[in-house]
Amino acid sequence: MSSSPADLVRAFHLAMGLDARSTPTAVAPELAAHRGELLAEEAAEVAEVSVEGPLDKLAHELADVVYVAYGTALVHGIDLDAVIAEIHRSNMTKLGPDGRVARRADGKVLKGDHYEAPDVAGVLRRQGWAPEGSGAPVADEVA
Ligand SMILES: [Mg+2]
């Protein structure tokens, strides 16, 4: 069995009768808010153990964040693996052609002259997303 987060979380949602969509979709505000709260809870739990640990608790809470994030993506019909690939593509453009990395004093990698922002909307459109007001045809309108 695949151990990718997307596959594992999909199996969980199907087993538990939770929402799972395959096309990027705006969901009911109550459901969207619920998913946001779940993720905020898990992110807060990461913050609680980030400094003091212990390390197993940090690992647990980090995994919870990823699991819930994948679940939220699934509820909204987003292929999160594809979005992460686009974020990675963009992040790698922070590396200059000379192989140098510009850093802030705290170590954060900065955007250089060759930086390309991620096109997340483009990724979602390729997954079938038709944002409201875009004029893009929805399934019912396609002849
Ligand atoms: Mg947790």
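No lab work stands behind these numbers, since they all come straight from the coordinates. In this text the structure is predicted, and so the values were computed from the model without any measurement. Here Cβ is always computed from backbone atoms with ideal geometry, including for glycine, and neighbour counts include all displayed protein chains.
A few remarks follow.
- Estimated FRET transfer efficiency (Lys57, Met16; beta-carbon r; R0 30 Å; 0.05): 0.80
- Per the Cα gyration tensor, the chain maps to an equivalent ellipsoid with semi-axes of 29, 26, 14 Å, ordered largest to smallest.
- Length released on extending from Ala82 to Asp119, taking residue separation times 0.36 nm less the Cα-Cα span: 12.2 nm
- Partner aspartates and glutamates for Lys108 [C-alpha distance under 20 Å; skip if fewer than 8 residues away on the same chain]: Glu86, Asp98, Glu116
- Residue order, fewest to most beta carbons within 10 Å, for Val68, Val51: Val51, Val68
- Assigned charges on the beta-carbon of Lys, Arg, Asp, Glu; the chain dipole about Cα centre (debye): 600
- Selected from Ala32, Ala20, Ala117, residue furthest toward positive end of dipole (the chain; charges at beta carbon): Ala117
- GNM flexibility winner over the chain from Ala130, Ala73, Ala47 (Cα, springs under 10 Å): Ala47
- As a rough footprinting exposure proxy, the listed residues Leu14, Leu74 were ranked by other beta carbons within 10 Å of their own, and the order from fewest upward is Leu14, Leu74.
- Long-range tail of P(r) for the stretch 81-122 (Cα pairs > 17 Å, %): 35
- Choice from Val46, Val65, Val101 with maximal GNM fluctuation in the chain (Cα, 10 Å cutoff): Val101
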